[in-house]
Structure formats: C-alpha cells, structure tokens
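What follows is calculated from the coordinates using simple rules that are stated; it is not laboratory data. Just so it is clear, the structure is predicted and the values come from calculations on it, not from any experiment. We place every Cβ from the backbone using ideal geometry, glycine too, and count neighbours over all the protein chains shown.
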Amino acid sequence: MEGRRHKRLHVQVGCWIVGEDNIGFCCSSFDISDSGISICVEDPLPTGKNVTLQFYTPASAAALSIPAEVIWSRTEPDGAMGLRFVDISGEQMATLRELARQLQQREFRNNHHQR
C-alpha cells in the first residue's frame, strides 16, 4: 500500500485478541510494523473496536499485552483485520521489533534449508 509510514514485515506468530467484553480468541499475524499488525481471524471485529493484543515471546514468560484499535476488517476472501497499536511503550516496541527480527531470521533459514 502506498504512503505507509512504517515498513511492514511479513511474519507469522500466534496471538490472542481480547475484546472490550473480555472475551478472547486465537489468531495469527501475517504482517507487522511499528504502528500495527494484520491478523487472520475467523470472525473479524468491526472497525473502531478496542482490543488487547497478547502474545508470548522467547524473552518473557509473561504475555506481551498491547492495546490496539481495529482499523480495517474483512470477511472475504478470508477473515482478517488490521490493528493499530495504541499507547505502546518503548519497551514493548523494542520487544516487538526483536520478535519480528527473530521470526524473519527463522523463516529465512527454513526457506534456505528446504532447497
């Protein structure tokens, strides 16, 4: 997409979304940037909803929890939605960047070992 402020990295990581009603569901990412994440979900939430994105990293036994807002949502061809991070701390951003870097390196190694 033209005009993006932050570079998107194509990485897959399992995560958990908790909605305003405290009901959570599993999902997986397909890209991530400094400003947000795109995720695959069976039943996407409508735009404007506030959620908490949670996932585990190798650096911590506790889940990383980041407040986010649904900025786009689609049901076709597959369920997906885009989340914009809201009020993310510098420490959370550093953890997110490191996780994305590690996942990209793993994917690169896996792709080259399969050849």
What residues from the stretch 19-35 fall in the zone where the backbone N is under 17 Å from a label point 7 Å along the Cα-to-C-beta line of SER65?
-> 19-26
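How much net charge surrounds CYS27 when only other residues with a Cβ under 15 Å from its Cβ are counted (Lys, Arg +1; Asp, Glu -1)? Write out the running numbers ahead of the final one.
Details: positive: LYS49, ARG74; negative: ASP31, GLU42, ASP43, ASP78.
Cβ neighbours under 15 Å give a net charge of -2.
Give me the net charge of VAL70's neighbourhood, meaning all other residues with Cβ under 10 Å from the Cβ of VAL70; Lys, Arg count +1, Asp, Glu -1. Write down the numbers at each step before the final one.
Values: positive: LYS49, ARG84; negative: GLU69.
Neighbourhood net charge equals +1.
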Residue-wise, which Karplus ³J(HN,Hα) couplings in Hz belong to the stretch 30-46, taking 6.51 cos²θ - 1.76 cosθ + 1.60, θ = phi - 60°, and x for glycine or proline?
-> 10, 7, 8, 9, 5, 9, x, 8, 10, 10, 8, 9, 5, 10, x, 7, x
Rounded, prolate or oblate (a/c below 1.5 giving rounded, otherwise prolate when a/b exceeds b/c) for the stretch 14-113 by Cα gyration tensor | oblate
The chain: angle of helix 90-113 to the longest principal axis, Cα-based, in degrees nearest 10 = 50 degrees
For THR47, net neighbour charge (Lys/Arg +1, Asp/Glu -1) across residues whose Cβ lies under 12 Å away | +2
Tell me what the chain gives for mean residue ellipticity at 222 nm when only DSSP H runs of n ≥ 4 count, each as -39,500 (n - 2.57), the sum divided by the residue total, rounded to 500 deg cm²/dmol.
-> -7500 deg cm²/dmol
